[in-house]
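Peer 1: One structure coming up, written as structure tokens, with questions to follow.
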Amino acid sequence: QVQLVESGGGLVQPGGSLRLSCAASGITFSMYVMRWYRQAPGKERELVATISIGGGSTNYADTIKGRFTISRDNSKNTVYLQMNNLKPEDTAVYYCKANLGTVFYWGQGTQVTVSS
């Protein structure tokens, strides 16, 4: 059974930081491209960051570039999203996604709320 379990969300003040984790099980994690998405209330889910299978290549949405960093530890089957200088507009449910060709799996999401 495949599971992607996100953690690390919460309430943070503007300018603060959070680190999200997504722990995978039931898949050969090192073979999967990993992505973080987010979905704010009333908005479509948007791609935030992508990391290649070995971690050597990353891509970011323009809205978070320079503030967020995606990384992975294949020995721990975990992908991370370090989020710095958070803004109220970063408030959303954050999801991780594992992708191998046409196969993909989603996590259940973790809420991030940026508010004073």
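Peer 1: Could you please let me know if residue 59 is touching a Pro at 6+ places or on another chain (Cβ under 9 Å), modelled with pLDDT of 95 or more and more than 11 Å from residue 29 (Cα to Cα)?
Peer 2: Values: touching a Pro at 6+ places or on another chain (Cβ under 9 Å): no; modelled with pLDDT of 95 or more: yes; more than 11 Å from residue 29 (Cα to Cα): yes.
It is false that residue 59 is touching a Pro at 6+ places or on another chain (Cβ under 9 Å), modelled with pLDDT of 95 or more and more than 11 Å from residue 29 (Cα to Cα).
Peer 1: Right, here's the next one. Could you list all residues from region 36-89 that are open to solvent by less than 30 Å² (accessible area, probe 1.4 Å), part of a strand (DSSP E or B) and closer than 24 Å to residue 116 by Cα?
Peer 2: 38, 48, 68, 81, 83, listed by residue number.
Peer 1: Specify the residue that is farthest from residue 41 (Cα to Cα); the eligible residues are those in region 60-100 that are touching a residue at least 12 places away in the same chain (Cβ under 8 Å) and of a type in the set (Lys, Arg).
Peer 2: Checked region 60-100; the qualifying residue farthest from residue 41 (Cα to Cα) is 76.
Peer 1: Please specify each residue of region 1-35 satisfying the condition of being outside any loop (DSSP other than H, G, I, E, B) and exposed (fewer than 15 other Cβ atoms within 10 Å of the Cβ). Reasoning before the result, please.
Peer 2: Initially, region 1-35 is screened for residues outside any loop (DSSP other than H, G, I, E, B), giving 3-7, 10-12, 18-25, 29-31, 33-35.
Result: 3, 5, 7, 10, 11, 19, 25, 30, 31.
The values are calculated or read from the model by the stated rules, or taken from the named source; none is laboratory data. Keep in mind that what you see is a predicted model, and the values were worked out from it rather than measured. When we count neighbours, we look across all protein chains shown, and the Cβ atoms used for this are built from the backbone with ideal geometry, even at glycine. With ligands, DNA and RNA removed, areas are computed over all heavy atoms of the protein, side chains included. Shrake-Rupley method; radii C 1.70, N 1.55, O 1.52, S 1.80 Å.
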